[in-house]
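**Q** Sharing a structure here in structure tokens format.
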Amino acid sequence: MMKVLLISTNWETSPYPVYPIGMGMVAAALKKAGHQVELFDFLQSGRSIEALRDKVKSARPDAVGVSIRNIDNVNAVNEHRYIDTVRDIVADLRQVTSAPVILGGSAFSIMPEEILAKVGADYGVVGEGEVVMCGFMESLAAGKLPEERILRAPQNLENETIPSAHYEPGIVDYYFAHGKTISIQTKRGCDKHCIYCTYPFLEGKRFRMRRAADVVDDIERLAAAHEDSYIFFVDSLFNDSGGKYREVVYEMHRREINIPWTAYISPGGELDEKMIALMKETGFDAAEIGADAASDIALKGIGKDFNWQDVINCNDLFRKHEITTAHYYMFGGPGETTESVLEGIQNVRNLEQTANFMFMGIRILPGTGLMKIAQREGLVTAETDIVEPIYYISKALDRDWLEKTLTDGFADKFNCVFPPDALDDKLHLLHKLGIGGTAYDMLIGGGKRKRRKRAE
């Protein structure tokens, strides 16, 4: 048995804190393999380096895993960058332990060579860490460390081989107290072709499902620990084109689950009124609709397989069933013009009873179609430091004009937020007052959650 300390370095709380489910899944795999695992969460600790040092000294780990969730906040108007702070964390770890430090998490997997060079850890895991970390600990126990510093995992876990996350009680308590939202994963991968998205690169180009029974077991465990939990399914999208998500809904319904939950929903996808009604019976009360652009020109430019009318129809369908909706839009993508921006603003303003969050430009990331476009247009070259935020804005648009136009275009609409972090302080106050749930529900409905009774 080896001792492993896993650290979540995420300290971003916009729009609400998100439980580090990736770290929890790696912890579950290590525990199952017989290792002693301790967890440390920077948000829970108040972002305290001293608390981390104390944790390392008490845990005396044989290896330290450092999870990096985000490179930056992808907000061109108000940038927050995180990698330098991770570098400082690793430097502090060096002062209190000689154990090897292994980086992981979605951010690291996007640009592993660059982040490993900046942060200065010993190793890094690209992709799914469950199997790789267990293998690393076996090698460490045998005194045979890998020759390669970057360890790459195949994208082949599915069904029962995708573990239920370990939900550390103290860490869960923190996230419950700061928004009541707890993460659960039902699948990995994505078969869409959005040019900006890293999900297919990180998790594969097909959906790999977890067993529905395992997903609902997770829900029941969390509900038993915290009766007022709010579940967030963190999949790339919930309503996959093959309809596999229905198995989760059917299992929730069979067990008479009635816990508030939300998920990412694709417009024009595999969904109908009967299924929405069934989802609502299990507690579904809010949908994050993945439009991501606000006009047909902009949707086509970012590789979406639906049009703006599909977005309207999807929003109206949820409104009909009294499901709160939210949309996130990126203005300035490939093909955008001044005309399409103005059309998009009007389209968003015309959506009824929904929360809308606007981004200016699109963060350019490796492994995406947008990176190839940026390279062709000379925005990214071999000398570009891609760890630093770089945003794509159509050459047909002036950046200052775009920012002013978005600011003015939504200034009088309380449910339309630009820049996307503009209401963070108000949302944090609501969380402190004990009001939980999603940011968009708070915008529209005050964030008041009540456990509903199922219809007899």
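The values are calculated or read from the model by the stated rules, or taken from the named source; none is laboratory data. Model, not experiment: these values are computed from the prediction. Note: ideal-geometry Cβ built from the backbone for every residue, glycine included; neighbour counts use all protein chains shown.
**Q** Which number in (1) out of contact with any Gly (no Cβ under 6 Å at 6 or more places or on another chain); (2) surrounded by 12 or more Cβ atoms within 10 Å (Cβ to Cβ) marks the one condition that residue 160 misses?
**A** (2)
**Q** A further question on this structure: Within the range 158-174, track down each residue that is more than 15 Å from residue 45 (Cβ to Cβ) and part of a loop (DSSP other than H, G, I, E, B).
**A** Passing the criteria: 158, 162, 163, 164, 165, 166, 167.
**Q** What tally of residues in the range 181-193 results from selecting those that are within 16 Å of the chain's Cα centre (by Cα) and not polar (S, T, N, Q)?
**A** Residues that pass the stated criteria total 6.
**Q** From 347, 356, grab the single residue that is at negative phi and assigned to a strand (DSSP E or B).
**A** Criteria check complete, one pass: 356.
**Q** Counting just the residues of the range 344-365 that are modelled with pLDDT of 95 or more and of a type outside the set (A, V, I, L, M, F, W, C), which one comes out surrounded by the fewest Cβ atoms within 10 Å (Cβ to Cβ)?
**A** Among those residues, the one meeting the criterion is 350.
**Q** I'd like to check something: does the range 186-205 contain any residue that is free of Cβ contacts under 8 Å to residues at least 24 places away in the same chain and among the aliphatic types (A, V, I, L, M)?
**A** Scanning the range 186-205 turns up no residue that is free of Cβ contacts under 8 Å to residues at least 24 places away in the same chain and among the aliphatic types (A, V, I, L, M).
**Q** May I ask you to list the residues in the range 113-135 that are hydrophobic (A, V, I, L, M, F, W, C) and touching a Pro at 6+ places or on another chain (Cβ under 7 Å)?
**A** Answer for the range 113-135, where residues must be hydrophobic (A, V, I, L, M, F, W, C) and touching a Pro at 6+ places or on another chain (Cβ under 7 Å): just 126.
**Q** Within the range 11-58, which residues are assigned to a loop (DSSP other than H, G, I, E, B) and either of a type in the set (Gly, Ala, Ser) or not assigned by TED's automatic domain parsing to the domain that holds residue 135 (or both)?
**A** At the first step, the residues of the range 11-58 found to be assigned to a loop (DSSP other than H, G, I, E, B) are 11-20, 33-35, 42-48.
Hits for the range 11-58 are 14, 33, 34, 45, 46, 48.
**Q** Yes or no: residue 29 touching a residue at least 40 places away in the same chain (Cβ under 8 Å), in contact with a Gly (Cβ under 9 Å, 6 or more places away or on another chain) and buried (at least 21 other Cβ atoms within 10 Å of the Cβ)?
**A** yes
**Q** Does residue 240 qualify as being assigned to a helix (DSSP H, G or I) and acidic (Asp, Glu)?
**A** no
**Q** Okay, moving on. All but one of (1) farther than 21 Å from residue 168 by Cα; (2) buried (at least 18 other Cβ atoms within 10 Å of the Cβ); (3) polar (S, T, N, Q); (4) modelled with pLDDT of 95 or more hold for residue 67; which doesn't?
**A** That leaves (1) as the condition not met.
**Q** Does residue 130 count as more than 22 Å from residue 7 (Cβ to Cβ) and either among the acidic types (Asp, Glu) or free of Cβ contacts under 8 Å to residues at least 12 places away in the same chain (or both)?
**A** Considered against the rule, which asks whether it is more than 22 Å from residue 7 (Cβ to Cβ) and either among the acidic types (Asp, Glu) or free of Cβ contacts under 8 Å to residues at least 12 places away in the same chain (or both), residue 130 comes out as no.
**Q** When only residues in the range 198-237 that are part of a loop (DSSP other than H, G, I, E, B) and hydrophobic (A, V, I, L, M, F, W, C) count, which is surrounded by the most Cβ atoms within 10 Å (Cβ to Cβ)?
**A** At the first step, the residues of the range 198-237 found to be part of a loop (DSSP other than H, G, I, E, B) are 198, 204-207, 210-211, 226-229, 234-237.
Imposing the further condition that a residue be hydrophobic (A, V, I, L, M, F, W, C) reduces the set to 207, 234, 237.
Details: 207: 21, 234: 17, 237: 23.
Once the filter is applied, the top-ranked residue is 237.
**Q** Go through the residues of the range 135-146 one by one and say whether even a single one is in contact with a Lys or Arg (Cβ under 6 Å, 6 or more places away or on another chain) and not in a loop (DSSP other than H, G, I, E, B).
**A** There is no residue in the range 135-146 that is in contact with a Lys or Arg (Cβ under 6 Å, 6 or more places away or on another chain) and not in a loop (DSSP other than H, G, I, E, B).
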